[in-house]
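See below for the structure under consideration.
The numbers here are math on the coordinates, done by the rules we state, and not lab data. Quick caveat: nothing in here was measured; it's all calculated off a predicted structure. In this analysis, Cβ positions are derived from the backbone assuming ideal geometry, glycine residues included, and neighbour counts consider all displayed protein chains.
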Amino acid sequence: MVRLTRINQTPFYLNSDLIEFIDSTPDTLITTVNGTKILVVEDPQEVLRRVVEFRRSIYPIARAPVGAPEPVQGMSRV
């Protein structure tokens, strides 16, 4: 879940798996997979940054730099 701010300044959390499109119209408009449209104050790049940050926090392998060796069996990459 990523924390965003509706256009009326109300904060909310959005399940990032539900994002289908992010448009700049000039406000940022998020369209979910079920067709819900949400206007937010964050620009599209900020929404994307928060999604990436969230996913890295839940998928440990995503934290590793590109080209880094795979962790040894039984050891974590923290």
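Summary table below
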item: Ranked list, fewest to most other Cβ atoms within 10 Å of each Cβ, for I7, I19, I30; result: I7, I19, I30
item: Dipole of the stretch 2-61, positive end: most advanced residue of T28, V40, L4 [Cβ charges, Cα centre]; result: L4
